[in-house]
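Written below as structure tokens is the structure these notes are about.
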Amino acid sequence: MIPEIGLFALILALAVALVQGTLPMIGAARGHDAWMASAVPTAILQLAFALAAFLALMHAYVTSDFTVVNVALNSNSAMPMLYKISATWGNHEGSMLLWVVILAVFGAAVALFGGNLPPALRARVLSVQAWIAIGFLTFSLFTSNPFERVFPPPLDGNDLNPLLQDPGLAFHPPMLYMGYVGFSIAFSFAIAALIEGRVDAAWARWVRPWTLAAWCFLTGGIALGSWWAYYELGWGGWWFWDPVENVSFMPWLMGTALLHSAIVVEKRDALKSWTILLAILTFSLSLIGTFVVRSGLLTSVHAFATDPERGLFILALLVVTIGGSLILYAVRAPALKAGGLFAPVSREGGLILNNLLLSVACATVFLGTMYPLIAETFGYKATVGAPFFNLTFLPIMTPLVAAMALGPFLSWKRTDLAGVVGRLKFAFLAAILATAITLYMQQGPVIPVLAMGLAVWLFAGAVIEWSGRIKLFQTAPGDSLRRAIGLPRSAHGMTLAHAGMAVVIAGMVASSTWKVEEILIMRPGDTTSVAGYDYRLEKVERIKGPNYISDTATITVTRDGKAVTEQKPEKRIYTVQNTPTTEAAIYTTALADLYTAIGDPDGKGGQTVRIFFEPLVPWIWIGSLMMMLGGVISLSDRRLRVGAPRRKRPPTLAAAQA
Amino acid sequence: MTRKRRRMVLVLAGLTALSAAVALVLYGLKETVTFFYSPSEVQAGAPPQGRAFRLGGLVEEGSVKKQGDGLTVEFSITDMAVSVPVTYRGILPDLFREGQGVITEGDLGTDGTFVAREVLAKHDETYMPREVADALKESGVWRDEEGSK
């Protein structure tokens, strides 16, 4: 009964979305207040129905209702409750439903908190949002109905893919989707602005908090996915340039550019049409991210099962959304008036450089990811891997990071570059010092050593800019504290995010350059030494878990005879699908991870053991957290508070004139 | 600076960045792209000499053997017409099994043995890498109804 109610709720959500997509749009065009106002209740109603459908599916999972095909295929009565719940979105149909729910949450949030948006703008934004929902709801209902029944029902379910039975991956998809879908708001605002024919500072101030929120979620989602791959796959790597990773990274790059260009629109009334384009591209890449891999166009290690009928629907959806919005952009963007003037060396100039490099970097990732498809149309099969991205993406990011330390020092309109460079001399010294220390401690190739210096340069630049603002050590400490409290929160946020980026870079460079890997056969009692730590295999035992059997090794780690830790890497077999998984054991110190994983026994009493020494890997997660936190702090800035800004002038009829 | 000149500067900067990126991408592709070959193509001498490539197919039944050191694995990859011997030192992916589709990346030795640096198997046991499915279709082993689910 409940699954049918869920399906019915989903159909009602579609009906409501159709109303929300048409009435307010017509109302806004004709200046009909009641029609425009209808966007608010419909957005909330749409959320209610979508949520009801989602809860119905979750109920089927929690109660292990195997009469529902989706549950039978992806769940099992022996699974722990957390994974029964997360299995709701651990499959294609359920994850589409989650998309729809999050989309409705964002729509309802605009409806509820957008009280002081001009009514016409709010009506249009919510209408565009509804059209996106219509696309997803029809996709869900016609090609991926999660509530389909099966008769006779199986005695037990087929189990969730064991790799997904993990706390990291339970929360990774919702986070990622909050990011992807969050950009839909920026997109809807952009389309609404194109229809209205006006973009102004107030518009940018409405768009920025939504973009920032989406960016925080996406940063968290990507970091969580990377962390999962690191500890779950047992390969000791945190990024593989796999298509699935790349498609989540591209909206992040574009979203980061959008975040920065929106500042220029807000403060200087310039870069308007570029910002609109970025908003469209960011969301388009999010759509591609959701779909391209799933449709089976690109081979990837972790895509859900594919189906050609879905592929066509997806392609149509992408063409309509992306093509349609770009055509609208081409027609309407020239009508947007250009804003304030500025010199090349200025805050505006710096942000343009940021945008230029981020977009170009994103383009190389896009080409690399899509290349196998291009190659195939020319009749040969090729893959593009990490070497390609290292060769193209990194050289573009390097000047960006170098300039990133300078950017916050630049002032609007024009800046004296010499003065800025003067203020950064300590950062430069710190970078040189860091390079020298790295070279002394870890001999290595020149480029990574310099890259460590670059990370320090960025970190020092961020800290110097922040302490300059609060006049740290230049006045009494009490005065500095007062200044720090008085400083806008977005300034604290920016410093934290930029410093976080520096920490991430240091972690990435160090771990990819100075990682030590050892694979060997060990018998109980054997000892080996990796990067100064001694590993002793004590025993391997067979342990029974709720829905798996595990071979658990016990390895004691010592350094110079002193005990460091005891590690218990596992090799599990999930009995329902008879699928083996590797559970790595990780011991984290401030400077490195000690990472062990076990493979198969060699049949003669020995066990394959894989030991990694992973320098600075924890810094990647710490830095990502700093970036996210920086975003959240900025978001709490009074000036960025959702709905705070007001338009100075009443809306003009610019659209009619254009 | 006038609006027009500023726009010119922006366009020029954009074009410079873009053309630098295109040059990088083309160079990158030329240097690093990895091609995929099936065992039949390898026997026909299709892969260029001295360059790493990907070899994919099914792991031949009964071909997986461990060498004395316990770490090096020997197996054959087949498209049911031709099979190529492969050696790999390291831990095989969890889902590596006989009769299952795999993709390996490495170099072809002078003795005709493929030395793999990387072995990829999918995280899903019903999965067949698309390249492998295509290769099997060509050798006439694969029927579409098997691959649809």
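Within the stretch A:91-120, restricting attention to residues that are open to solvent by less than 10 Å² (accessible area, probe 1.4 Å) and in a loop (DSSP other than H, G, I, E, B), the residue that is farthest from A:Ala50 (Cα to Cα) is A:Gly114.
Select, from A:Ser226, A:Ser184, the only residue that is closer than 19 Å to A:Ser624 by Cβ and part of a helix (DSSP H, G or I). Working first, answer last.
Values: A:Ser184 fails: closer than 19 Å to A:Ser624 by Cβ.
None of the other options fit; the residue is A:Ser226.
In the stretch A:451-465, which residues are within 28 Å of the chain's Cα centre (by Cα) and hydrophobic (A, V, I, L, M, F, W, C)? Talk me through it step by step, then tell me what you get.
Step one: of the stretch A:451-465, the residues within 28 Å of the chain's Cα centre (by Cα) are A:451-463, A:465.
A:Ala451, A:Met452, A:Leu454, A:Ala455, A:Val456, A:Trp457, A:Leu458, A:Phe459, A:Ala460, A:Ala462, A:Val463 - these are the residues of the stretch A:451-465 that are within 28 Å of the chain's Cα centre (by Cα) and hydrophobic (A, V, I, L, M, F, W, C).
Checked against the criterion of being in a loop (DSSP other than H, G, I, E, B), closer than 30 Å to B:Lys4 by Cα and within 13 Å of chain B (Cβ to nearest Cβ), the stretch A:407-426 contains one or more residues that satisfy it.
Taking B:Arg54, is it crowded, with 19+ Cβ neighbours inside 10 Å, within 8 Å of chain A (Cβ to nearest Cβ) and of a type outside the set (A, V, I, L, M)?
Numbers: crowded, with 19+ Cβ neighbours inside 10 Å: yes; within 8 Å of chain A (Cβ to nearest Cβ): yes; of a type outside the set (A, V, I, L, M): yes.
Yes: the conditions hold for B:Arg54.
Taking the criterion of being of a type in the set (Val, Ile, Thr) and surrounded by fewer than 24 Cβ atoms within 10 Å (Cβ to Cβ), would at least one residue in the stretch A:181-203 satisfy it? Yes, some residue in the stretch A:181-203 is of a type in the set (Val, Ile, Thr) and surrounded by fewer than 24 Cβ atoms within 10 Å (Cβ to Cβ). Among the residues of the stretch B:126-140, some residue qualifies, meaning at least one is away from every other protein chain (no Cβ under 12 Å), under 11 Å from B:Leu58 (Cβ atoms), modelled with pLDDT under 85 and outside any loop (DSSP other than H, G, I, E, B).
A:Thr138 fulfils the conditions (1) closer than 30 Å to A:Gly168 by Cα; (2) open to solvent by 10 Å² or more (accessible area, probe 1.4 Å) except for a single criterion, (1). Taking the stretch A:259-297 as the range and being of a type in the set (A, V, I, L, M), open to solvent by less than 30 Å² (accessible area, probe 1.4 Å) and either in contact with a His (Cβ under 9 Å, 6 or more places away or on another chain) or farther than 30 Å from A:Gly90 by Cβ (or both) as the test, the residues that pass are A:Leu259, A:Ala262, A:Val264, A:Val265, A:Ala270, A:Ile276, A:Leu278, A:Ala279, A:Ile280, A:Val293. Of all residues in the stretch A:366-402, those satisfying the criterion of being over 12 Å from B:Thr32 (Cβ atoms) and not in a helix (DSSP H, G or I) are A:Phe378, A:Gly379, A:Tyr380, A:Lys381.
Taking the stretch A:460-483 as the range and being part of a helix (DSSP H, G or I), farther than 27 Å from A:Ile432 by Cα and open to solvent by 20 Å² or more (accessible area, probe 1.4 Å) as the test, the residues that pass are A:Pro477, A:Gly478, A:Asp479, A:Leu481, A:Arg482, A:Arg483.
Restricted to the stretch B:68-79, and to residues there that are of a type outside the set (Ser, Thr, Tyr) and either surrounded by fewer than 18 Cβ atoms within 10 Å (Cβ to Cβ) or within 9 Å of another protein chain (Cβ to nearest Cβ) (or both), the residue that is farthest from A:Ile521 (Cα to Cα) is B:Glu74. Looking across the stretch A:367-378, just one residue is more than 10 Å from every other protein chain (Cβ to nearest Cβ) and either among the basic types (Lys, Arg) or buried (at least 20 other Cβ atoms within 10 Å of the Cβ) (or both), and that is A:Thr369. All conditions but one from (1) surrounded by fewer than 19 Cβ atoms within 10 Å (Cβ to Cβ); (2) of a type in the set (Gly, Ala, Ser); (3) not assigned by TED's automatic domain parsing to the domain that holds B:Thr110 apply to B:Ser63; the one that does not is (3). I'd like to check something: does the stretch B:47-61 contain any residue that is farther than 26 Å from A:Pro580 by Cβ and among the aliphatic types (A, V, I, L, M)? There is at least one residue in the stretch B:47-61 that is farther than 26 Å from A:Pro580 by Cβ and among the aliphatic types (A, V, I, L, M). For A:Ala386, the conditions (1) farther than 30 Å from B:Met8 by Cα; (2) open to solvent by 70 Å² or more (accessible area, probe 1.4 Å) are fulfilled apart from (2). Scanning for something open to solvent by 80 Å² or more (accessible area, probe 1.4 Å) and more than 10 Å from every other protein chain (Cβ to nearest Cβ), does the stretch B:35-46 turn up at least one residue? Within the stretch B:35-46 (the criterion being open to solvent by 80 Å² or more (accessible area, probe 1.4 Å) and more than 10 Å from every other protein chain (Cβ to nearest Cβ)), the answer is yes, since at least one residue qualifies.
If you scan the stretch A:517-540, which residues turn out to be assigned to a strand (DSSP E or B), closer than 19 Å to A:Trp235 by Cα and open to solvent by less than 50 Å² (accessible area, probe 1.4 Å)? First the steps, then the outcome.
At the first step, the residues of the stretch A:517-540 found to be assigned to a strand (DSSP E or B) are A:517-522, A:527-530, A:533-540.
Subset that is closer than 19 Å to A:Trp235 by Cα: A:517-522, A:530, A:535.
Answer for the stretch A:517-540, where residues must be assigned to a strand (DSSP E or B), closer than 19 Å to A:Trp235 by Cα and open to solvent by less than 50 Å² (accessible area, probe 1.4 Å): A:Ile519, A:Leu520, A:Ile521, A:Met522, A:Val530, A:Tyr535.
Residues in the stretch A:187-212 that are assigned to a helix (DSSP H, G or I) and either within 11 Å of the chain's Cα centre (by Cα) or within 19 Å of A:Lys267 (Cβ to Cβ) (or both): 15 in all. Looking only at residues in the stretch A:391-449 that are under 32 Å from the mean Cα position of the chain (by Cα) and of a type in the set (Phe, Trp, Tyr), the one that is modelled with the lowest pLDDT is A:Trp412. Confirm whether A:Ser529 is among the hydroxyl-bearing types (Ser, Thr, Tyr) and free of Cβ contacts under 8 Å to residues at least 60 places away in the same chain. In short, yes. For beta carbons closer than 8 Å, sequence separation of 6+ or different chains, a first residue in the stretch B:4-32 that is closer than 30 Å to A:Pro372 by Cβ and facing chain A (nearest Cβ under 9 Å) and a second that is of a type outside the set (A, V, I, L, M) and outside any helix (DSSP H, G or I), the qualifying pairs are B:Thr32/A:Gly385.
Looking at B:Val115, B:Val25, B:Val82, can you tell me which residue is on the phi < 0 side of the Ramachandran plot and surrounded by 20 or more Cβ atoms within 10 Å (Cβ to Cβ)? Let's see the steps before the verdict.
Values: B:Val115 fails: surrounded by 20 or more Cβ atoms within 10 Å (Cβ to Cβ); B:Val82 fails: surrounded by 20 or more Cβ atoms within 10 Å (Cβ to Cβ).
None of the other options fit; the residue is B:Val25.
If I filter the stretch A:24-34 down to residues being among the hydrophobic types (A, V, I, L, M, F, W, C) and without any contact (Cβ under 8 Å) to a residue 24 or more places away in the chain, which single residue comes out as farthest from A:Trp131 (Cα to Cα)?
Initial filter on the stretch A:24-34 (among the hydrophobic types (A, V, I, L, M, F, W, C)): A:25-26, A:28-29, A:34.
So of that shortlist, the ones also without any contact (Cβ under 8 Å) to a residue 24 or more places away in the chain come out as A:26, A:29, A:34.
Values: A:Ile26: 14, A:Ala29: 17, A:Ala34: 20 Å.
Out of the qualifying residues, it is A:Ala34.
Number of residues in the stretch A:392-420 that are within 18 Å of A:Leu454 (Cβ to Cβ) and without any contact (Cβ under 8 Å) to a residue 12 or more places away in the chain: the value is 2. Look at (1) over 24 Å from A:Met508 (Cα atoms); (2) open to solvent by 20 Å² or more (accessible area, probe 1.4 Å); (3) more than 10 Å from every other protein chain (Cβ to nearest Cβ) and you find that A:Lys381 fails only one, number (3).
The values are calculated or read from the model by the stated rules, or taken from the named source; none is laboratory data. What you are looking at is a predicted structure, and each value in this text was computed from that prediction instead of being measured. FYI the Cβ positions are ideal-geometry reconstructions off the backbone, even for glycines, and counts take in every protein chain you see. Just the protein is used for accessible areas: all its heavy atoms, side chains included, with ligands, DNA and RNA removed. Shrake-Rupley method; radii C 1.70, N 1.55, O 1.52, S 1.80 Å.
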